[in-house]
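Student: Have a look at the structure that comes next, please.
The values are calculated or read from the model by the stated rules, or taken from the named source; none is laboratory data. The model shown is predicted, which means the values in this text are computed figures rather than measured ones. Glycine also receives a Cβ, built like all others from the backbone with ideal geometry; neighbour counts cover every protein chain displayed. Ligands, DNA and RNA are stripped out before the accessible areas are found, and what is left, the full protein with its side chains, is counted by its heavy atoms. Shrake-Rupley method; radii C 1.70, N 1.55, O 1.52, S 1.80 Å.
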Amino acid sequence: MRHTDFRERMAEEFGRLRAEMLAEDHVMSELGGRTVDQALEAGLSPKQVWLALCESFEVPAARR
């Protein structure tokens, strides 16, 4: 998954504004106590981050 695809999926699932807020501010234990942006900057793949978000926010399997 490319970074652009990841951002598009986030916007579709959470809305553009909420997706941006989640990426910047929401610290997730699934990401090692990092935000989405921090996890991506640390080298986690967009797919890993997306799956962690889906798990944390209980996104249905059909939209993962």
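Student: For the chain, what relative contact order do you get, as a whole percent, if you take Cα pairs closer than 8 Å and at least 6 residues apart?
Tutor: After rounding, I find 26 percent.
Student: For the chain, with all protein chains present and a 1.4 Å probe, just round the carbon and sulfur fraction of the accessible area to a whole percent. Don't skip to the answer; put the middle values down first.
Tutor: On the way: 1920 of 4100 Å².
The C+S portion of the solvent-accessible surface of the chain is 47 percent.
Student: Do the sum for the chain: with -39,500 (n - 2.57) for every DSSP H run of n ≥ 4, divided by all residues, what is the mean residue ellipticity at 222 nm, to the nearest 500 deg cm²/dmol?
Tutor: Computed mean residue ellipticity for the chain: -17500 deg cm²/dmol.
Student: Please list, by residue number, every one of the chymotrypsin sites (Phe, Trp or Tyr not before Pro) in the chain that is coil in DSSP and has at most 13 other beta-carbon atoms within 10 Å.
Tutor: Counting only loop positions with at most 13 other Cβ atoms within 10 Å, the chymotrypsin sites (Phe, Trp or Tyr not before Pro) in the chain are Phe57.
Student: What does the C-alpha gyration tensor say about the overall shape of the chain? Classify as rounded when a/c is under 1.5, otherwise prolate if a/b is larger than b/c, or oblate.
Tutor: rounded
Student: Using modelled backbone amide H atoms (1.01 Å from N, in-plane), which distant-in-sequence or interchain residues come within less than 5 Å of Met28's amide H?
Tutor: Answer set, sorted by chain and number: Gly33, Arg34, Thr35.
Student: Right, something else. At 0.36 nm per residue, minus the direct Cα-Cα distance, what do Arg16 and Ser45 gain on full extension? Give it in nm, one decimal, please.
Tutor: 8.4 nm
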